[in-house]
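Notes to accompany the following structure.
Derivation of every value follows stated rules applied to the coordinates shown; laboratory data play no part. None of these values were measured; they are calculated from a predicted model. Backbone-built Cβ (ideal geometry, glycine too); neighbour counts: all protein chains shown.
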Amino acid sequence: MNATIITIGDEILIGQIVDTNTASIARKLNAIGIAIKEKTSIGDSAEEIKGCVGRAMQQSKVVIMTGGLGPTKDDITKTTLAEMFDTTLEYNEAEGEHIRTLLARRNIPFTQLNRAQALVPKCCTVLHNAHGTAPGMWFDTAEGGIVISLPGVPFEMEHLMDDIVIPRLKERLTLRSIVHKTLITRGIPESLLAERIEKWEDELPEYMHLAYLPAPNIVRLRLSAYDVEAEMAESAIEAEFTKLREMIGENIVGWEGATMEQQVHDILTRRGLTLATAESCTGGTIASKFTAMAGASAYFLAGVVAYANSAKSNIIGVNAEDIAREGAVSECVARQMAEGVRRVSGADYAIATTGIAGPSGGSEAKPVGTVWMAVATPNGTIARMRNCGTDRSQIISRASAYAIEMLYDHIKNM
């Protein structure tokens, strides 16, 4: 069974806001067995809405749209849908009272614009929005399809999907399962990985689909099965991944959600070891990856962003003469940064990065993307140079991933 997701708003098209609603709705629909046929964003135009919704109704059993339900003149979704379904708007007393009460709590007057939000098409089923002033709307089409209009505010949409829309879809539709399972690999570029597992991929059952999802130094392998019995598909996918473990087991990080920093987090927590970071070009990215995880306070002692050469010397003790002679982006500076932050923090392990993130600052000897990284341990210091690309954000992301992987490789078998 298919669905089309439509997001409405000029602010999305001009890049003023990022559309997170589509991804959230897609995940929720997939979880109950509804596949996404198409996702699209359109502007605040009645003609665009009519055309897009009309096409969506022809190709999908379920159409879910968000946005354009506010109180201002540019919010035209509701009136356009009323025209499409050849009906008029009527005032919903219950929704009107809810809007009045909600605004009173915020000390906002109940104006005619706010009152208009309780006007809904006569033929729709009103979906009560307990967390906002714009109710959702459910339309049953003459052809047996379903059109759902939800507010664009993400947390309001989330509550309506979870509390009303998903339960109602499950009740109304006969649904089979969609199963996705994702394995995380590291250390093999996407093209080389594809070559290594080509025979395995070619022999997958016809109803399984493999997707490669690359990220800095990792590749996600997602197996998907559509319109299946969940238990059978999950068992079959697990069997296929078991075969894959025999082929690339040393390169597997874990299942979807597993990250290299999570692996390090688990090992340090389990063994009662501690960590500190000293970052230059990565600007605190490595530290933030660890401190974003609950429980990091058990092992993460300190993070220093030593961007200036003076900070490298004054805060973590890098020899100023070495910086002058070798340059800030060098093996000896990376080593001293890691050893210095390990010493001043008292941590068991430390990670350091120093590099050229660009877009300027590179040279023939040290082009943009050159990053030295080091890991200081109780038994010595490991250093490595990597070229992390040419784009600044890519360089920071890759360098952070490589540095964390260095620590993981050192501690994983201890």
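Between the entries [x] -0.42, -0.54, -1.32; [y] -0.54, -0.67, -1.24; [z] -0.64, -0.77, -1.12, the label attached to log10 I(q)/I(0) by the Debye sum over Cα atoms at q = 0.08, 0.09, 0.14 Å⁻¹ calculated for this structure is [z].
Of all segments of the chain bounded by GluC sites (Glu not before Pro) found in a DSSP loop with no more than 10 other C-beta atoms within 10 Å, the longest spans 207-363. The residue among I108, Y402, L173 whose Cα reaches farthest toward the positive pole of the charge dipole of the chain, with charges on the beta-carbon of Lys, Arg, Asp and Glu, is Y402. Across A399, A194, A35, mean-square fluctuation computed from a Gaussian network of the chain (C-alpha pairs under 10 Å connected) peaks at A194. Here the Karplus relation 6.51 cos²θ - 1.76 cosθ + 1.60, evaluated at θ = phi - 60°, turns the backbone of the range 25-41 into coupling constants of 5, 4, 4, 5, 5, 4, 5, 10, x, 10, 7, 8, 7, 7, 10, 8, 10 Hz, with x for every Gly and Pro.
Residues whose amide H lies under 5 Å from that of I36, counting only those 5 or more places away or on a different chain, are A3; hydrogens are built 1.01 Å from N in the peptide plane. Computed on the chain, with alpha-carbon pairs under 8 angstrom and 6+ residues apart, the relative contact order is 10 percent. Using a ≥ b ≥ c from the Cα gyration tensor of the range 177-255 (square roots of the eigenvalues), is it rounded, prolate or oblate, where a/c under 1.5 gives rounded and otherwise the larger of a/b and b/c decides, a/b for prolate? Prolate shape, in that a/c is at least 1.5 and a/b is the bigger ratio. Distances between placed amide hydrogens fall under 5 Å for G254 paired with I184, all partners being 5 or more residues away or on another chain.
Computed from backbone phi with θ = phi - 60° and the Karplus coefficients 6.51, -1.76 and 1.60, the 3J(HN,Hα) list for the range 389-405 is x, 10, 8, 4, 5, 5, 4, 4, 5, 5, 4, 4, 5, 5, 5, 5, 5 Hz; x is used for glycine and proline. Partners of K366 within straight-line reach, counting lysines whose Cα lies under 26 Å from its Cα and excluding those fewer than 8 residues away in the same chain: K312.
Ordering 108-116, 294-302, 147-155 by mean Cβ neighbour count within 10 Å, with the highest value first, yields 147-155, 294-302, 108-116. Taking the chain as a Gaussian network of alpha-carbon nodes connected by springs under 10 Å, the highest mean-square fluctuation of the residues S45, S191, S313 belongs to S191. Considering only M385, M84, A35, and ranking their Cα positions along the charge dipole of the chain that arises from unit charges at the beta-carbon of Lys, Arg, Asp and Glu, the one farthest toward the positive end is M385. Could you give me the ³J(HN,Hα) list for the range 118-128, computed from phi with Karplus coefficients 6.51, -1.76, 1.60 and θ = phi - 60°, whole Hz, x at Gly and Pro? With coefficients 6.51, -1.76 and 1.60, one gets 8, 7, 9, x, 4, 8, 8, 8, 6, 9, 5 Hz.
In whole Å and largest first, what semi-axes does the C-alpha gyration tensor of the range 260-411 yield when each eigenvalue is scaled by 5 and square-rooted? Show your work: numbers first, answer last.
Working: eigenvalues 114, 58, 31 Å².
Value: 24, 17, 12 Å, ordered largest first.
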